[in-house]
Amino acid sequence: MIKSMTGFASLTHEDERATIAVTVRAVNHRFLDLQLRLPQSFGDVEPRLRSLLQKRLARGRVEVGITVQVRNGSTPSVELNEDFANALIAAIDQARNRGLVSGALTPGDLLRLPQAITVRERAPESDPAVEARLAVSIEAAVEQALADLDAMRVREGSHLQTDLDGRQQLLVSLIERLRLAAEAGRGELERRLRERIDEMARELPIDQAMIAQEIVRTAQRSDIAEEVTRFRAHLAHWAMLVESDEPCGRKLDFLLQEMNREINTIGAKADGLGVSELIINAKAELERMREQVQNVE
């Protein structure tokens, strides 16, 4: 099964302890390159997360971002700036004596002045049991994000496979047409050689048996049966790889190199009407397939 190397997944996991957000981005890369970002306080979880990523992914540059917002159940501290409050009361009394204001200072007045009241969150106490449970929650969130990423990569991979399967079938047709064109070209070469030998035989004595052997040897140099057999074997191997559950991107890339080598050899040996055009078409299809395979895991 073909999977794409590109994909994206994002999710938020919430429970009574914390809110955990995970974002995973994956793009093409020759090897597996992991970029992991998570809060320093959960650094002990990183080795387990890397191990999880390596089990689920084979190739690609993968960026994983994790944020954790721990819910703090402690009561915040509220502090009154007494010096500021006393100075404020004195100023209000002075203004009241002058008839500029009336009424007493209320709690609402103080709350509207950030200099008077300070509210601070108390630092949560470290609890190893709570941190261990949070680590498990982080791993579960990452695993779910990887499942979502894998689903997207499978969907994209199915489109890639549809395109590659069509091009593979076109190569099957092209190699058969090349075989027929090369056989016709070899027959034409033998005919031209025999005609030329017959013309020479009218003027010079010639050993016909020896000439026949040389004609066969010359024609054999344009025989592409071995190259065609190997090319078809590569196509059969390709079909087997894309149906396997194992990542196959590198192997497919290698097969394309081998098929391109066989096509080059066929182009150098074969002689016949339309062979050059068929060779160009086959090389163009192989190049398109190579570009697509760069996206396969």
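Rounded to the nearest 0.05, what FRET efficiency is calculated for Arg56 and Asn264 with R0 set to 35 Å and r the Cβ-Cβ distance?
Details: r = 39 Å, r/R0 = 1.10.
Here the calculated transfer efficiency is 0.35.
Looking at the square roots a ≥ b ≥ c of the eigenvalues of the Cα gyration tensor of the stretch 6-49, which shape do they give, rounded for a/c under 1.5, prolate if a/b is larger than b/c, or oblate? Spell out each step's value before the answer.
On the way: a/c = 3.59, a/b = 1.53, b/c = 2.35.
Here the stretch 6-49 falls in the oblate category.
Based on the alpha carbons, how large is the Rg to Rh ratio for the chain when Rh follows Kirkwood? Spell out each step's value before the answer.
On the way: Rg = 38.4 Å, Rh = 26.5 Å.
Using Cα coordinates only, the ratio equals 1.45.
Say each of Ser244 and Glu143 gets a label point 7 Å from the Cα, pointing the same way as Cα to Cβ; how far apart are those two points in nm?
Inter-label distance under the simple model: 2.7 nm.
Go through Lys55, Lys3 and list them by solvent-accessible area, largest first, probe radius 1.4 Å. Please report the intermediate quantities before stating the final value.
Values: Lys55 165, Lys3 40 Å².
From most exposed to least exposed: Lys55, Lys3.
With r defined as the distance between the Cβ atoms of Arg167 and Ser276 and R0 fixed at 22 Å, what FRET efficiency is calculated, to the nearest 0.05?
Details: r = 20 Å, r/R0 = 0.93.
With a Förster radius of 22 Å, E is 0.60.
Suppose R0 equals 25 Å. What FRET efficiency, 1/(1 + (r/R0)^6) with r the Cβ-Cβ distance, do Ala184 and Glu226 give to the nearest 0.05?
Values: r = 18 Å, r/R0 = 0.74.
For R0 = 25 Å, the calculated efficiency reads 0.85.
For the chain, return all DSSP H helices satisfying: extent of Cα atoms along own axis at least 24 Å; mean Kyte-Doolittle hydropathy at least 0.0.
Details: long enough: 128-201 (101 Å, -0.27); 225-243 (28 Å, 0.02); 249-269 (30 Å, -0.59); 275-293 (27 Å, -0.22).
Those that pass (Cα extent of 24 Å or more, hydropathy at least 0.0) are 225-243.
Keeping all protein chains in position, work out how much accessible area Thr106 exposes to a 1.4 Å probe, and write it in Å² to the nearest 10.
Approximately 60 Å² for this residue.
At what distance in nm do the modelled label points of Ser102 and Glu14 sit from each other, each positioned 7 Å from its Cα along Cα→Cβ?
For the pair Ser102/Glu14, the computed spacing is 4.9 nm.
Which of these, Leu36, Leu100, Leu170, has the largest mean-square fluctuation under a Gaussian network model of the chain (Cα springs below 10 Å)?
Leu100
From the residues Ile279, Leu36, Leu57, which one has its Cα farthest along the dipole of the chain in the positive direction, the dipole being from +1 and -1 charges on Cβ of Lys/Arg and Asp/Glu about the Cα centre?
The one lying farthest along the dipole's positive direction is Ile279.
Could you work out the equivalent-ellipsoid semi-axes for the stretch 1-145, taking the square root of 5 times each eigenvalue of the Cα gyration tensor, largest first, in whole Å? Spell out each step's value before the answer.
On the way: eigenvalues 589, 59, 26 Å².
Ellipsoid semi-axes (Å, largest first): 54, 17, 11.
Taking H as built 1.01 Å from N, whose amide H comes closer than 5 Å to the amide H of Asn28, not counting residues under 5 places away?
Arg61
Which cross-chain or sequence-distant (5 or more) residues have an amide H under 5 Å from the amide H of His13, H modelled 1.01 Å from N in plane?
For His13, whose amide H was placed from the backbone, the distant partners under 5 Å are Ile20, Ala21, Val22.
Taking the Cβ of Arg230 as the center, what net charge do the other residues with Cβ under 10 Å away carry, scoring Lys and Arg +1 and Asp and Glu -1? Walk me through the numbers on the way to the answer.
On the way: positive: Arg232, Arg261; negative: Glu226, Glu227, Glu258, Glu262.
Within the 10 Å Cβ shell, the charges total -2.
Tell me the label-point distance for the pair Thr118, Asp44, using the 7 Å Cα-to-Cβ offset, in nm and rounded to one decimal.
3.3 nm
The values are calculated or read from the model by the stated rules, or taken from the named source; none is laboratory data. Since the model is a prediction, treat every value here as computed from it, not as a measurement. Note: ideal-geometry Cβ built from the backbone for every residue, glycine included; neighbour counts use all protein chains shown. Just the protein is used for accessible areas: all its heavy atoms, side chains included, with ligands, DNA and RNA removed. Shrake-Rupley method; radii C 1.70, N 1.55, O 1.52, S 1.80 Å.
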